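First comes the structure, then the notes that go with it.
The values are calculated or read from the model by the stated rules, or taken from the named source; none is laboratory data. Small disclaimer: the values here were computed from a predicted structure and weren't measured. Ideal geometry is used to build each Cβ from the backbone, glycine not excepted, and the neighbour counts take in all protein chains shown.
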Amino acid sequence: MRAVVVYESMFGDTRQVAEAIADGLGLNFEVATVPVDRVATDQLRGIDLLVVGGPTHVRGMSRPKTREGAVDQAAQPYSGISLEPGAAGPGLREWFSTLTDAPPHAAAFDTRVQLSPLVTGRAAPKIARVLQRNGCHLIAEPESFLVTSKQPALVAGERERARAWGESLAVTGAHACARSGA
Ligand SMILES: Cc1cc2nc3c(=O)[nH]c(=O)nc-3n(C[C@H](O)[C@H](O)[C@H](O)COP(=O)(O)O)c2cc1C
């Protein structure tokens with residue numbers, strides 16, 4: 001069984017979460033982890049599971065303007081932030097508008113600040129809705145992984161939690177594939 005983890009990341013936190021999820025998925029799946037600006041046109045063809053995640057920007061998925069905001073933030077003197085290659089975009093929102101060949105099973109995650117989701121909003125449910133609209137069956141509830149509010153950095157223990165979530169997707173995903181005869 002094959003899975004692809006597609007992620008968007010400005011500052012590297014969502015990339016680290018994506019890599020940890022992919023590690024966990026490795027329990028049952030052959031996994032490729034791909035930044036959203038590098039997904040090849042035929043990369044999703046024939047795969048069994050697609051996992052998609054990105055940072056929460058202004059309570060949802062990033063837009064060109066919010067990515068500019070992130071680039072500006074990194075450019076501040078002494079910000080200590082290094083941008084990921086491809087941080088300027090395109091992001092998940094733009095990629096979704098070109099999505100074809102969506103696989104049968106999918107799951108969504110985001111990174112967001114460690115405060116109540118009522119305050120922060122969450123990108124993951126929005127990502128999940130787009131996946132469903134593309135015909136994917138969601139094998140898990142949308143999940144959030146937390147960053148600190150000062151300088152973006154994963155909260156302690158989140159990488160491990162992401163790996164465990166990946167393992168749980170590996171188990172649920174294998175059952176879902178078996179049921180659908182994939
Ligand atoms: C322009 C901008 C808007 C943001 N808006 C939100 C928000 O509404 N809610 C939230 O929890 N975090 C928000 N954040 C913080 C991001 O969620 C955080 O930078 C991201 O999770 C870090 O992931 P990355 O390192 O992969 O970019 C925002 C960040 C930026 C740059």
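Which of the residues belonging to segment 126-182 are among the basic types (K, R) and in contact with a strand residue (DSSP E or B) (Cβ under 9 Å, 6 or more places away or on another chain)?
K126, R129, R159, R161
Mind telling me which of the residues A70, A107 ends up being buried (at least 20 other Cβ atoms within 10 Å of the Cβ), within 15 Å of M10 (Cβ to Cβ) and either within 16 Å of the ligand (Cβ to nearest atom) or not aromatic (F, W, Y) (or both)?
Going through A70, A107 in turn, the sole match is A70.
Select, from R159, R163, the only residue that is among the basic types (K, R), touching a residue at least 60 places away in the same chain (Cβ under 8 Å), within 16 Å of the ligand (Cβ to nearest atom) and under 21 Å from A20 (Cβ atoms).
When all the criteria are applied, what remains is R159.
Are there any pairs with C-beta distances below 9 angstrom linking a residue in segment 8-30 that is hydrophobic (A, V, I, L, M, F, W, C) and part of a helix (DSSP H, G or I) to a residue that is near the ligand (Cβ under 6 Å from one of its atoms) and modelled with pLDDT of 95 or more, with the two at least 6 apart or on different chains, and if so which?
Between residues of segment 8-30 that are hydrophobic (A, V, I, L, M, F, W, C) and part of a helix (DSSP H, G or I) and residues that are near the ligand (Cβ under 6 Å from one of its atoms) and modelled with pLDDT of 95 or more, the close pairs are V17/S9; V17/T111; A18/S9.
So which of R2, R15, R45 is of a type in the set (D, E, K, R) and either within 16 Å of the ligand (Cβ to nearest atom) or more than 17 Å from H105 (Cβ to Cβ) (or both)?
R15
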